[in-house]
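Just below is one structure, and these are the notes that go with it.
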Amino acid sequence: MHIAEGFLPAEQAIGWTVVSVPFVGMGLRSIKCKIAEHPERRMLLGVAAAFTFVLSSLKLPSITGSCSHPTGTGLGAVMFGPLAMAPIGVAVLFFQAILLAHGGITTLGANTFSMAIVGPFVAVGVWRLSGAMKLPMSYGVFFAAMLGDLATYVTTSFQLALAFPDPASGVLGSASKFLLVFAVTQIPLAVTEGLLTVVVLNALTRFDPAILADVGLARLAGRAES
Amino acid sequence: MKRQDIILLVIAAVLVALPMVLVKAPADGTQGFQGADSQAQVLVGKIAPDFKPWFKPLWTPPSVEIQSLLFALQAGIGCGFLGYYAGLRVGRNRSREEHSDT
């Protein structure tokens, strides 16, 4: 989902940055509030960040014969709410842009929007929905992480389609081409991410059952976002 | 680790391994399993042949080997923290149990 350095027209690169900055700001404030409320959750936030760090470094093969990587943002979004993942996502994307020439500074705003904003918000939306439908927690986590991952790649496809509309078939025609590259490749990887997220959240709740009560409550009461 | 977790991890491993078994190497002799990100760059070139990236990465890893070194470093840092947290929690829970026994 990394749009490469310099690949978005300047005005769109700036536009996505302008859209993303407020989310990162609100995310920082949300993290600060949560840490002030529960200082013992500081380590858990580190776990959410570490999970994103690991998963976004793993380029996995897909049935389309290409490779891509999961995002790992679903776990943290479910535990801390979608906003908290915005600054964490920026940190990961920045590391990759500077040290790996993967993504870029000019496309940091657009990549943040897809990976650190849309993905986590979709994940939490699915998580709440699964709570309303009274799905077992593992299923809720699985679908949240999987669809959050997929949503990130769908977003990237549309961002690129918007920047490079097909001369004949326009933005939608172009989007279908980018979706073929990104979203279809991503389907098995998103499933893998969903499975791994369930395993990790299972482990975390075994270490500290209080987390379970917290995120479970958040799911039912729709508190995860505040 | 519970049985459910082991089953999930096995499914995940199969999902990762399966494409390498099922997908044949491209007929035109190019290397398979290219990154989707770079495929998207090629696609941009096809849709807008005149487009030139207007900004270059400040630094690019000098080789694929160096790049994989940095990716491994990224994964290593993340896993290191996850392992540290797991060890810390397990140790804390164990010492709490010991204290509550006496």
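Quick look at the values:
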read-out: Selection within the range B:1-38 - within 20 Å of A:Gly6 (Cα to Cα) and more than 7 Å from chain A (Cβ to nearest Cβ); value: B:Ser38
read-out: Answer from A:Ser169, A:Ser157, A:Ser130, A:Ser176 - the residue that is in contact (Cβ under 8 Å) with a residue 40 or more places away in the chain and of a type in the set (S, T, N, Q); value: A:Ser130
read-out: Those residues of the range B:39-54 which are at the interface with chain A (Cβ under 7 Å from one of its Cβ atoms) and closer than 23 Å to A:His69 by Cβ, in sequence order; value: B:Gln39, B:Ala40, B:Gln41, B:Leu43, B:Val44, B:Pro53
read-out: Residue that is surrounded by the most Cβ atoms within 10 Å (Cβ to Cβ), among those in the range A:122-152 that are within 14 Å of another protein chain (Cβ to nearest Cβ) and closer than 16 Å to A:Ala86 by Cα; value: A:Ala145
read-out: Residue in the range A:101-117 that is touching a residue at least 12 places away in the same chain (Cβ under 8 Å), assigned to a loop (DSSP other than H, G, I, E, B) and surrounded by fewer than 23 Cβ atoms within 10 Å (Cβ to Cβ) present; value: yes
read-out: Selection within the range B:14-63 - part of a helix (DSSP H, G or I) and of a type in the set (S, T, N, Q); value: B:Ser38, B:Gln39, B:Gln41
read-out: Flag if A:Val171 is within 8 Å of another protein chain (Cβ to nearest Cβ) and part of a helix (DSSP H, G or I); value: no
read-out: Those residues of the range A:58-100 which are outside any helix (DSSP H, G or I), under 18 Å from A:His2 (Cβ atoms), open to solvent by 10 Å² or more (accessible area, probe 1.4 Å) and in contact with a Gly (Cβ under 7 Å, 6 or more places away or on another chain), in sequence order; value: A:Lys59, A:Cys67
read-out: Count of residues meeting criterion [of a type in the set (A, V, I, L, M, F, W, C) and assigned to a helix (DSSP H, G or I)] in the range A:1-27; value: 10
read-out: Filter result (outside any loop (DSSP other than H, G, I, E, B) and either in contact (Cβ under 8 Å) with a residue 40 or more places away in the chain or of a type in the set (S, T, N, Q) (or both)) within the range B:64-102; value: B:Gln67, B:Ser68, B:Gln74, B:Asn93, B:Ser95, B:Ser100
read-out: Test result for A:Thr17, more than 10 Å from every other protein chain (Cβ to nearest Cβ), of a type in the set (Val, Ile, Thr) and open to solvent by less than 50 Å² (accessible area, probe 1.4 Å); value: no
read-out: Test: residue in the range A:41-55 that is surrounded by fewer than 19 Cβ atoms within 10 Å (Cβ to Cβ) and out of contact with any Phe, Trp or Tyr (no Cβ under 7 Å at 6 or more places or on another chain); value: yes
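The values are calculated or read from the model by the stated rules, or taken from the named source; none is laboratory data. Predicted model only: the values in this text are computed from it and were never measured. Here the Cβ is made from the backbone with ideal geometry for all residues, glycine too, and neighbour counts use every protein chain on show. Surface accessibility is based on the protein's heavy atoms, side chains included, excluding ligands, DNA and RNA. Shrake-Rupley method; radii C 1.70, N 1.55, O 1.52, S 1.80 Å.
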